[in-house]
Amino acid sequence: MKIVKTIDEVRKIVREWRKQGLSVGLVPTMGYLHEGHASLIEASARNNDRTVVSDFVNPMQFGPAEDLESYPRDLDLDAAVVSAHGGDIIFNPEPSEMYHEGFSSFVDMTVLTEELCGLSRPVHFRGVCTVVSKLFNIVKPDRAYFGKKDAQQLAVIRHMADDLNMDIEIIGCPIIREKDGLAKSSRNTYLSDTERKAALVLSESVFLGMDMVRKGEKDSSVIISAMTAHIQAEPLAKIDYVKIVDCKSMQQITRLDRPALCAMAVYIGKTRLIDNFFTEDV
């Protein structure tokens, strides 16, 4: 397993792989890898001859008041995870390598980015689309792997790849949870012991919503009301949103008459966490 810092070096290595007829998978991450990331690396390693893991805290997807500077970083930890789970390269560039002086080109999107996280994080998906398109151009992978926990991001990237005729397969992988149900997240490290216990209201409300769908509930408002009430019973929780949207358009729907995503963002103290479920997975 090798750590690579420059675009030129990544391209050189991938070109050599291509000459050998090898397939290439890409796992884009912001580092501080956990079991969720490990599952993506393992999926790529199973389905491709070589796997590149990008490890880059992308400044473009953070707003002015967000946690760019405090976002956890540990390259030694990341290297151990990538090596243990079948990755071949970590691409760990500096921001100046990805965004040279005078950088002024962006990938933007409408509609899909205007709901859910896009409402409260208006610059986020512009940054995501720009950096992911750059990574696709740099690595030119056959397949790229993303977690379903970031469900809106997955939908946005799939739509971007389709709109821009990118010759790449986008693969979504299941949410990996702690034993008590909390979705794995690099931001979980921000939580105090008390907040960590309070954060369980996210997964509990997800399981509540899934159970209602399993029992035949089709009215979005009924499901949302029940999940919202459960979250609001936790004093440390402050809801950003709990919504049910169409899987493809990310627009709100009133009835579960098509494949849907039930997604939430909730502040536990100062830490913003997300969780979700897809009705097709219930």
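Between Pro59, Pro72, which is open to solvent by less than 50 Å² (accessible area, probe 1.4 Å), under 25 Å from Ile170 (Cβ atoms) and out of contact with any Lys or Arg (no Cβ under 6 Å at 6 or more places or on another chain)?
From the options Pro59, Pro72, the qualifying one is Pro59.
Return a yes/no flag: does region 221-235 have any residue that is under 29 Å from Ala144 (Cβ atoms) and either modelled with pLDDT of 95 or more or not in a loop (DSSP other than H, G, I, E, B) (or both).
No - not one qualifying residue is present in region 221-235.
If you take the residues in region 247-267 that are out of contact with any strand residue (DSSP E or B) (no Cβ under 6 Å at 6 or more places or on another chain) and aliphatic (A, V, I, L, M), which one is most open to solvent (accessible area, probe 1.4 Å)?
So, considering only residues that are out of contact with any strand residue (DSSP E or B) (no Cβ under 6 Å at 6 or more places or on another chain) and aliphatic (A, V, I, L, M), the one most open to solvent (accessible area, probe 1.4 Å) is Leu256.
With the condition kept exactly as written, say whether any residue in region 9-30 is farther than 21 Å from Ile168 by Cβ and in contact (Cβ under 8 Å) with a residue 40 or more places away in the chain.
Looking through region 9-30, none of the residues is farther than 21 Å from Ile168 by Cβ and in contact (Cβ under 8 Å) with a residue 40 or more places away in the chain.
Got at least one residue in region 187-208 being on the phi > 0 side of the Ramachandran plot, surrounded by 14 or more Cβ atoms within 10 Å (Cβ to Cβ) and not aromatic (Phe, Trp, Tyr)?
Looking for residues that are on the phi > 0 side of the Ramachandran plot, surrounded by 14 or more Cβ atoms within 10 Å (Cβ to Cβ) and not aromatic (Phe, Trp, Tyr), one finds none in region 187-208, hence no.
Out of Arg50, Arg73, report the one residue that is of a type in the set (Lys, Arg) and farther than 19 Å from Val128 by Cβ.
Every option except Arg50 fails the conditions.
Can you tell me how many residues within region 228-246 are open to solvent by less than 30 Å² (accessible area, probe 1.4 Å) and farther than 16 Å from Leu116 by Cα?
Counting residues in region 228-246 that are open to solvent by less than 30 Å² (accessible area, probe 1.4 Å) and farther than 16 Å from Leu116 by Cα gives 2.
From the list Val213, Val266, pick out the single residue that is outside any strand (DSSP E or B) and either of a type in the set (Val, Ile, Thr) or under 20 Å from Gly118 (Cβ atoms) (or both).
Among Val213, Val266, only Val213 is outside any strand (DSSP E or B) and either of a type in the set (Val, Ile, Thr) or under 20 Å from Gly118 (Cβ atoms) (or both).
Being outside any helix (DSSP H, G or I) and either at pLDDT below 95 or surrounded by fewer than 19 Cβ atoms within 10 Å (Cβ to Cβ) (or both) is the filter here, so list the residues in region 31-56 that pass it.
Within region 31-56, His34, Asp49 meet the criteria.
Considering only residues of region 176-186 that are in contact (Cβ under 8 Å) with a residue 24 or more places away in the chain and open to solvent by 40 Å² or more (accessible area, probe 1.4 Å), which is farthest from Leu40 (Cα to Cα)?
For region 176-186, the residue satisfying everything is Arg177.
Please go through region 8-30 and pick out each residue that is of a type in the set (Gly, Ala, Ser) and either outside any strand (DSSP E or B) or open to solvent by 90 Å² or more (accessible area, probe 1.4 Å) (or both). Don't jump to the end; show me each part of the working.
Restricting attention to region 8-30, the residues satisfying the condition of being of a type in the set (Gly, Ala, Ser) are 21, 23, 25.
Within region 8-30, Gly21, Ser23 qualify.
Determine whether Pro141 is open to solvent by 40 Å² or more (accessible area, probe 1.4 Å), in contact (Cβ under 8 Å) with a residue 12 or more places away in the chain and either over 15 Å from Ile274 (Cα atoms) or not small (Gly, Ala, Ser) (or both).
no
Would you call Ala151 assigned to a helix (DSSP H, G or I), open to solvent by less than 20 Å² (accessible area, probe 1.4 Å) and closer than 18 Å to Ser39 by Cβ? Write out each step before concluding.
Values: assigned to a helix (DSSP H, G or I): yes; open to solvent by less than 20 Å² (accessible area, probe 1.4 Å): yes; closer than 18 Å to Ser39 by Cβ: yes.
Yes, satisfied.
Name the residues in region 82-135 that are in a helix (DSSP H, G or I), of a type in the set (A, V, I, L, M), more than 16 Å from Phe62 (Cβ to Cβ) and open to solvent by less than 20 Å² (accessible area, probe 1.4 Å), would you?
Val82, Leu135 - these are the residues of region 82-135 that are in a helix (DSSP H, G or I), of a type in the set (A, V, I, L, M), more than 16 Å from Phe62 (Cβ to Cβ) and open to solvent by less than 20 Å² (accessible area, probe 1.4 Å).
The values are calculated or read from the model by the stated rules, or taken from the named source; none is laboratory data. Owing to the predicted nature of the structure, the values given are computational and were not obtained by experimental measurement. Please note: Cβ atoms are built from the backbone with ideal geometry, for glycine as well, and neighbour counts cover all protein chains shown. These accessible areas exclude ligands, DNA and RNA; they are computed on the full protein's heavy atoms, side chains included. Shrake-Rupley method; radii C 1.70, N 1.55, O 1.52, S 1.80 Å.
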